[in-house]
1. Run down Gly16, Gly11 and say which single residue is under 13 Å from the mean Cα position of the chain (by Cα) and either of a type in the set (A, V, I, L, M) or crowded, with 24+ Cβ neighbours inside 10 Å (or both).
2. Being in a helix (DSSP H, G or I), among the small types (Gly, Ala, Ser) and free of Cβ contacts under 8 Å to residues at least 12 places away in the same chain is true for just one of Ala213, Ala152, Ala144. Which residue is that?
3. Could you count how many residues in the stretch 76-119 are acidic (Asp, Glu), in contact with a Pro (Cβ under 8 Å, 6 or more places away or on another chain) and more than 24 Å from Ser28 (Cβ to Cβ)?
4. Scan the stretch 114-126 and report the pairs whose first residue is among the charged types (D, E, K, R) and whose second residue is assigned to a helix (DSSP H, G or I), with Cβ atoms within less than 6 Å and a gap of 6+ or a chain change.
5. Go through the residues of the stretch 59-81 one by one and say whether even a single one is in a strand (DSSP E or B) and in contact with a Cys (Cβ under 8 Å, 6 or more places away or on another chain).
6. Do you know which residues across the stretch 19-37 are in a helix (DSSP H, G or I) and open to solvent by 10 Å² or more (accessible area, probe 1.4 Å)?
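The values are calculated or read from the model by the stated rules, or taken from the named source; none is laboratory data. Computed from a prediction, not measured in an experiment: that's the story for all the values here. Note that we place each Cβ from the backbone using ideal geometry, even for glycine, and neighbour counts take in every protein chain shown. Surface areas here come from the heavy atoms of the whole protein model, side chains and all, with no ligands, DNA or RNA. Shrake-Rupley method; radii C 1.70, N 1.55, O 1.52, S 1.80 Å.
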Amino acid sequence: MASGQHFRPPGPLGFGGAPLGNMFQAISDDQAHATLEAAWDAGYRYFDTAPHYGSGLSEHRFGEMLRTKPRDDFVLSTKVGRLLEPVRTPPESIFKNPLPFEGCYDYSGDGVLRSIEDSYQRLGLSQIDIVYIHDIAADHHGDAWTDQFAIAMEGAKALTRLREEGVIKAWGLGVNLVEPCLRALEQADPDVFLLAGRYSLLDLGGLDDLFPACLDRGVSVVVGGPFNSGLLAGGTTFDYAEAPDEKVEARRRLQAIAVEHGVDLRAAALQFCAAHPAVSAVIPGTKSAERARDNMELVRTPVPEAFWQALRAQGVLPEHAPTP
């Protein structure tokens, strides 16, 4: 596919589905439904989920709400790489009270196709717009990630066929690390990457290598984890665990500059991610209808230029990092 012709999910804000798989804390189906309805009413039109989120729970909840909306009015992405197998007792994880299934890695072509068929069933929808190959990186596979990646590039051929046939509009990787994305650009023809936590006010991992390469290829980036799983939104977690001291201190420094300029740090965090020309959408997740509405307001709230100048002057941001 020629540069510039790749499908881009709509932005600036989409809805990330991990919290509705009961990440860190279980919520009711009613609360999940109310949160998604609030997001829709606030103007979200891009929704991202995955089989991994609550062992299918997030997909079930997304499908229940999205089935009530005109199908051409939203973009939906989910992920492949784990097949859900039934178990009596789900393994312990960050997802609380998941459905009674366990994810088993399978990045093969057959596994990819089966995963998509399973997602149709859980969602109750017959169209998925974007498919991400999920967690194909060292943080989930250790040193074996390169072997798994080779299998995933075979699975990617099945996704490319589905795209060419018009079954899906785009495919890419959904990962927390930069290296697999760079390798995918070398070995395949992805359309979009969902990169979580590696482009934020606390982590610029994607800035110097991946984002320029994506711009050269016409590939877009969806930024997941713009609050680094909570720390930039006032929480205590970074990358899904208790934040290390240096990140807490970096957040304190950011907050001090934000207060000085009358800026809500959450607004700055979202708008910083969205400002890069490679970024098509930013997808914070939430369990709260109020927070879903707030995030859409925050992404539209003016942030003074003096704030961004202060971040550069104090060495928090490099000169070449795009800002609004």
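1. Gly16
2. Ala144
3. Of the residues in the stretch 76-119, 1 are acidic (Asp, Glu), in contact with a Pro (Cβ under 8 Å, 6 or more places away or on another chain) and more than 24 Å from Ser28 (Cβ to Cβ).
4. Listed by first residue and then by second, the contacts come to Arg122/Glu59; Arg122/His60.
5. So far as the stretch 59-81 goes, no, none of its residues is in a strand (DSSP E or B) and in contact with a Cys (Cβ under 8 Å, 6 or more places away or on another chain).
6. Pro19, Asp29, Asp30, Gln31, His33, Ala34, Glu37
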